[in-house]
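Here is the structure we will look at, set down as structure tokens.
The values are calculated or read from the model by the stated rules, or taken from the named source; none is laboratory data. Owing to the predicted nature of the structure, the values given are computational and were not obtained by experimental measurement. Cβ placement follows ideal geometry from the backbone for every residue including glycine, while neighbour counts extend to all protein chains displayed. Just the protein is used for accessible areas: all its heavy atoms, side chains included, with ligands, DNA and RNA removed. Shrake-Rupley method; radii C 1.70, N 1.55, O 1.52, S 1.80 Å.
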Amino acid sequence: MSSKGTFDQISPSEFFYRNRDLAGFSNPTRSLYTAVREFVENALDACDQQGILPDVHLSIKAVDPEKPDPKPYILSVKDNGPGIESKHVPLAFGTVLYGSKFGLKQARGMFGLGATMAILYGQITTNKPVFVKSSTDGKIQDEFELILDIQKNKPIVLKHETQDTSKTGLSISICLEGDYAKAGAKIRDYVYQTSLITPYATVTFDDPKGEKFRYTKIVRSMPPAPTIISPHPYGVDVETIKRMIGDSKFSIPTVDNNTIEKVKTELGLRKKDLNYTEIMERAKRRWSSLSRNIRVVIAVMSFLKMDFAKLSKIRIDDIDVSRKKLTYWDFGESKSFTIDMDPETDYYKQLTNTVQGETLVSFLTKRFQRVGRTTAEKFADFAGFKPEKRIGTMTNEELVKLSDSLQKFPTFLSPDPSCLAPLGAEPLEKGMKAFFNPDFISVIQRGASAYSGFPFVVEMGIAYGGDIPPGGTKVYRFANRIPLLYDEGSDVVLKVVEEIDWSRYKVKGDPPLVIVSHICSTRIPYKTVGKENVADRPEIERELRLALQFLSRKLASYMSKRGLAEMEKKRANLYLKYLPLVAQFCTELAGKQKEPDYKKMLKEAVSIEAET
Amino acid sequence: MKPKPKTPPKKSTEERRKSLAQLLKNKGTEIYEDLEKGKFPSFSVPSRSVSNIVYDTKLRQYVLGSSVSLRSTRNMSQLRSFTQLMWLAFFANRLVNEKKSSTLRDIYYSSQAFAVDFEDQPESDNIIVDLEAVLTRPREDLHIFPEERSSVFGDLTIEYTVPGYEGKRSNLSDHPDGYLIGPSLSSCELVDTSAELVIAIEKGGLFTRFVEEKVDKKFKAIIVDTAGQAPRSTRYLLKRLHDEMGLPVVILTDGDVYGEHIAMVIKSGSANAAHLRELTVPDAKWLGVWASDIEKYKLPTIPMTESDIKRITDLQKDPRYQEGNWKKQLEIFLKLKRKAELEAFSKYGLTNITDKYLPEKLELAKSL
Ligand SMILES: Nc1ncnc2c1ncn2[C@@H]1O[C@H](COP(=O)(O)OP(=O)(O)O)[C@@H](O)[C@H]1O
Ligand SMILES: [Mg+2]
């Protein structure tokens, strides 16, 4: 035994437990807020994915209202979504990195982390289990009481019961140490802004002080659900490419008894024993129905020319495709043999494919979005690879070259935005109208664009007057339908808003102005782990600027119309005040009795263009 | 030695009043008819901007040039000031008809009774000057007076026209403190005088001394205290004494640049009143104290301040100071950089100024 100390592997839950502030669980204030976010966002994600108009009910209650903050709170979130199948519940909430949103599409949650971290935090601070109720069919509801085994990254089910129900959906309830006195404003802000960007949802919040916040649905249509898509060439790095190659390539299966049983099963030979030739003939007949693994074993057998009995007494040591040699160990003779493989046979081709992976062209066209054959061939030329180069044979240097070239190749089509789920101009407008009751509103959804291979869409709305209090421009920032509430200082949206010269758009002083900005992307370039501000990528900045300029021009034309109307009113009032006086004074001066008939002039006065 | 009365202007106060009333009525009628016709009325107001103030060498005073600005009710931004102007004409008309007088400050407050608001007194003062320019009549004709008053003393019989005193006469030598030059003196008729000269003097102290020393008798003079820069009513009275009674006017001031300019304003007006033509006495003569007198009479002096010197260089650009004694005295002041007050003569005894300086200067004035 080495005396240098021991190497321990820690489980993912252990890791996140030790680094919980990374995930937003650093103190009671932040943790309460983050936990609310995680559960509400899970509920909305689940409904979105199933096309269900969400009803989400959040409640926070102090366990002992008399105690001063920080203190234990019970946080519950209930939704009308699809629920989680009974057998997945413990894993979804009792394991980190277990989730259904890993695919490349837009969602609020990302890493199968959020809910479990909140539960983990609750358990650490209060030592109470989590309660989950879930129904996927609207008939039966599974009710779980779970705690987490942090070391093992495993849930322990304390109780599991079923009950009759009439609705699908999930509700979750945890007990956690929180500070509502400090976090309250943030949480209320979060609920308010979430409802603004989710006008198709009803969100309610019962707070610990007994206040009730209700935001009911404003629209009844949901934006189309995003689809999962393959990555764009600009959006992958060497690591991702390696993983993709790994997925596409099969290693040579070990030919053990287990494998031999599988081959027998697929060939329908479990009860029947055939000699080598008969086996090969049967395999040929059934080729199209055989699985890839089995085909590889058959190919190996074709070079070994052995039946199953003989096969079980050897071990394959090496298959060298380029030198066409196959080496095996014969247990019976206790000796190593090397045989030649005939490169002309189909079996040889089968092996090559398996070991060396597919060709570069096929890899590009099949594994990436929007890459056709012609583009793939042009790319191969650009990168200095043969189109039929097997990706499995690439050295590390070649992989780096491939990755670099993917970034540099200029003519890939722009990324497919079908994986994005913007809210849409109309619901955004309706939401803003309901929230601000403005005198003027305009919204825009820009076309899809991309930065570093990640597609994104910018939506923006501007509202003026009405219920909006004066005091300057208020910016509501959203990313993937999540409100970004803090760390405003260095955000790209604010930068773009600040750069605008409002006086050019006839907006003066501290206007009653609201800007709502929503960026959707498969990857939002957050500046910090806190995920509260978006970094300034030139592509994103440009889209934001174009959107804001468009809206500002609309605002300007509204403002000048409004200015004219105000001017007219002012005119009318002025003439109404002064013309009678002029009439009165000149009547006495002129020594007349009756005042001149000036009334008709009042009307005319209003229509006179302002003379300067 | 009494110069012949200047030809026309024995226009009685009553006549002036009547012509003004007619003028006001005409303006009112014009505007009344505009309104009847549905036309937006307007006033032409002679522009009082610096570029429109020019020196008229023939009239020997500053006058307004030809540029006028239209104050029209069509223009929303002028509507308020048009109404203010209109109100002022209306209010002045009442003052004139009712023979009542008011001060600049009164005007500012009176407006409030008519829902015509002035931001502050400078705004109403400004409208008053506009109306003066429109009518080419000084505000005193409109019975509007500034608060500052100066005085007059001497053998001059006047007849009041103010209500309650109509037809009543007074002799301005009856009261040793002199008579305030107020609304009633501004509107009185000048009946008779034995005086042959008007002495305008800058300072109240010297005015009293002159009365005590019987300068009025010794020199057959009417003495006027201008109390510094002569108010318009005082200049108007000086003009009437000269024009209607045929009296020459001489001026005594401190020996500094301000004194010299007090004399100049009596003689040829101020840029501020370029819109008016009845406030100057072009024949008036400045007796002193000149800069050259300071050395000649060995007067005690005080040093000039920065602003005294600045004032000299400013006036050197004024066309009226481009020649003769006016120019020469400025140059000497600038060289001396010292000034002397009228009281400086007291160094030689309190009566030195009346016994010696005045006669010498009057004698000299004949050749000016
Ligand atoms: N309210 C819910 N309704 C249905 N499924 C849910 C709900 N909340 C969580 N899930 C499932 O549990 C998984 C784990 O959730 P979570 O730990 O928050 O990770 P993430 O949201 O990042 O995927 C989710 O991916 C989702 O499949
Ligand atoms: Mg989540």
(request) Within the range A:38-52, identify whether any single residue is at pLDDT 90 or above, under 20 Å from A:Ala183 (Cβ atoms), within 14 Å of ligand 2 (Cβ to nearest atom) and polar (S, T, N, Q), and answer yes or no. (result) yes
(message) Please go through the range B:12-58 and give me each residue that is among the β-branched types (Val, Ile, Thr) and under 30 Å from B:Glu323 (Cβ atoms), ordered by number.
(response) B:Val50, B:Ile53, B:Val54, B:Thr57
(request) Give the residue that is farthest from the other protein chains (Cβ to nearest Cβ), with candidates limited to residues of the range B:47-69 that are surrounded by 14 or more Cβ atoms within 10 Å (Cβ to Cβ) and not in a strand (DSSP E or B). (result) B:Arg60
(request) Within the range A:407-456, track down each residue that is more than 22 Å from A:Val514 (Cβ to Cβ) and over 24 Å from the mean Cα position of the chain (by Cα). (result) A:Lys408, A:Phe409, A:Pro410, A:Thr411
(request) Output the residues belonging to the range A:520-552 that are of a type in the set (A, V, I, L, M, F, W, C), open to solvent by less than 30 Å² (accessible area, probe 1.4 Å) and assigned to a helix (DSSP H, G or I). (result) A:Ile540, A:Leu544, A:Ala547, A:Leu548, A:Leu551
(request) Check the range B:278-293 and report whether any residue there is in contact with an Asp or Glu (Cβ under 8 Å, 6 or more places away or on another chain), of a type in the set (D, E, K, R) and in a helix (DSSP H, G or I). (result) no
(request) Name, by its number, the condition in (1) surrounded by 18 or more Cβ atoms within 10 Å (Cβ to Cβ); (2) touching a helix residue (DSSP H, G or I) at 6+ places or on another chain (Cβ under 7 Å) that does not hold for B:Glu189. (result) (1)
(message) Scan the range A:27-34 and tell me whether some residue there is away from chain B (no Cβ under 14 Å), closer than 29 Å to A:Cys419 by Cβ, within 15 Å of ligand 1 (Cβ to nearest atom) and open to solvent by 40 Å² or more (accessible area, probe 1.4 Å).
(response) no
(message) Please determine whether any residue of the range B:17-34 is β-branched (Val, Ile, Thr) and either in contact with a strand residue (DSSP E or B) (Cβ under 8 Å, 6 or more places away or on another chain) or within 30 Å of B:Met264 (Cβ to Cβ) (or both).
(response) no
(request) Within the range B:220-233, track down each residue that is farther than 16 Å from B:Ala284 by Cβ and at pLDDT 90 or above. (result) B:Lys220
(message) Could you go through the range B:89-100 and let me know if any residue there is open to solvent by less than 50 Å² (accessible area, probe 1.4 Å), within 14 Å of chain A (Cβ to nearest Cβ) and among the aromatic types (Phe, Trp, Tyr).
(response) yes
(request) Give the range B:17-41 a look and list any residue that's under 27 Å from the mean Cα position of the chain (by Cα), at the interface with chain A (Cβ under 8 Å from one of its Cβ atoms) and open to solvent by less than 20 Å² (accessible area, probe 1.4 Å), or say none. (result) B:Leu24
(request) Run down B:Ser72, B:Ser77, B:Ser44 and say which single residue is open to solvent by 50 Å² or more (accessible area, probe 1.4 Å), under 30 Å from A:Ala572 (Cβ atoms) and touching a residue at least 24 places away in the same chain (Cβ under 8 Å). (result) B:Ser44
(request) Say whether the condition of being closer than 30 Å to B:Asp318 by Cα, more than 8 Å from chain A (Cβ to nearest Cβ) and more than 27 Å from the chain's Cα centre (by Cα) is met by at least one residue in the range B:76-87. (result) no
(request) Go through the range B:101-126 residue by residue and tally those that are within 14 Å of chain A (Cβ to nearest Cβ) and either in contact (Cβ under 8 Å) with a residue 12 or more places away in the chain or in a helix (DSSP H, G or I) (or both). (result) 7
(message) For a quick check of your reading of the model, give me the residue pairs whose first member lies in the range A:32-52 and is outside the structural domain of A:Leu176 (by TED's automatic domain parsing), whose second is open to solvent by 10 Å² or more (accessible area, probe 1.4 Å) and near ligand 1 (Cβ under 7 Å from one of its atoms), with beta-carbon atoms closer than 6 Å and at least 6 apart or on different chains.
(response) none
(request) State which residue is most open to solvent (accessible area, probe 1.4 Å) when the search covers only the range A:553-573 and only residues that are more than 49 Å from the chain's Cα centre (by Cα) and free of Cβ contacts under 8 Å to residues at least 24 places away in the same chain. (result) A:Lys569
(request) Name the one entry in A:Asp55, A:Asp64 that is more than 16 Å from ligand 2 (Cβ to nearest atom) and crowded, with 17+ Cβ neighbours inside 10 Å. (result) A:Asp55
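So that you can scan it fast, the table gives a plain yes or no per residue for (1) assigned by TED's automatic domain parsing to the domain that holds A:Ser31; (2) more than 16 Å from ligand 2 (Cβ to nearest atom); (3) farther than 30 Å from A:Pro417 by Cβ; (4) modelled with pLDDT of 95 or more:
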residue	(1), (2), (3), (4)
A:Glu85	yes, yes, yes, no
A:Ala107	yes, no, no, no
A:Ser134	yes, no, yes, yes
A:Phe144	yes, yes, yes, yes
A:Ile150	yes, yes, yes, no
A:Ile172	yes, no, yes, yes
A:Cys175	yes, yes, yes, yes
(message) Restricting to the range A:359-374, name every residue that is touching a helix residue (DSSP H, G or I) at 6+ places or on another chain (Cβ under 6 Å) and either open to solvent by less than 30 Å² (accessible area, probe 1.4 Å) or of a type in the set (Val, Ile, Thr) (or both).
(response) A:Leu360, A:Val361, A:Phe363, A:Leu364, A:Thr365, A:Phe368, A:Val371
(message) So, in the range A:574-603, exactly how many residues are over 16 Å from B:Val116 (Cα atoms) and more than 7 Å from every other protein chain (Cβ to nearest Cβ)?
(response) 6
(message) Looking at A:Asp342 and the list (1) more than 16 Å from A:Ile298 (Cα to Cα); (2) in a loop (DSSP other than H, G, I, E, B), which single condition is not satisfied?
(response) (1)
(request) Working only within the range A:149-197, note down all residues that are in a helix (DSSP H, G or I), in contact with a strand residue (DSSP E or B) (Cβ under 7 Å, 6 or more places away or on another chain) and either among the aliphatic types (A, V, I, L, M) or loosely packed, with under 13 Cβ neighbours inside 10 Å (or both). (result) A:Val191, A:Leu196, A:Ile197
(message) Whether any residue in the range B:345-368 is within 27 Å of B:Tyr55 (Cα to Cα), surrounded by 15 or more Cβ atoms within 10 Å (Cβ to Cβ), touching a residue at least 24 places away in the same chain (Cβ under 8 Å) and touching a strand residue (DSSP E or B) at 6+ places or on another chain (Cβ under 7 Å) is what I want to check.
(response) yes
(request) Sort out for me the helices (runs of 4 or more DSSP H) sitting completely within the range A:214-329 that have 3 or more residues that are assigned by TED's automatic domain parsing to the domain that holds A:Leu428 and open to solvent by 70 Å² or more (accessible area, probe 1.4 Å). (result) none
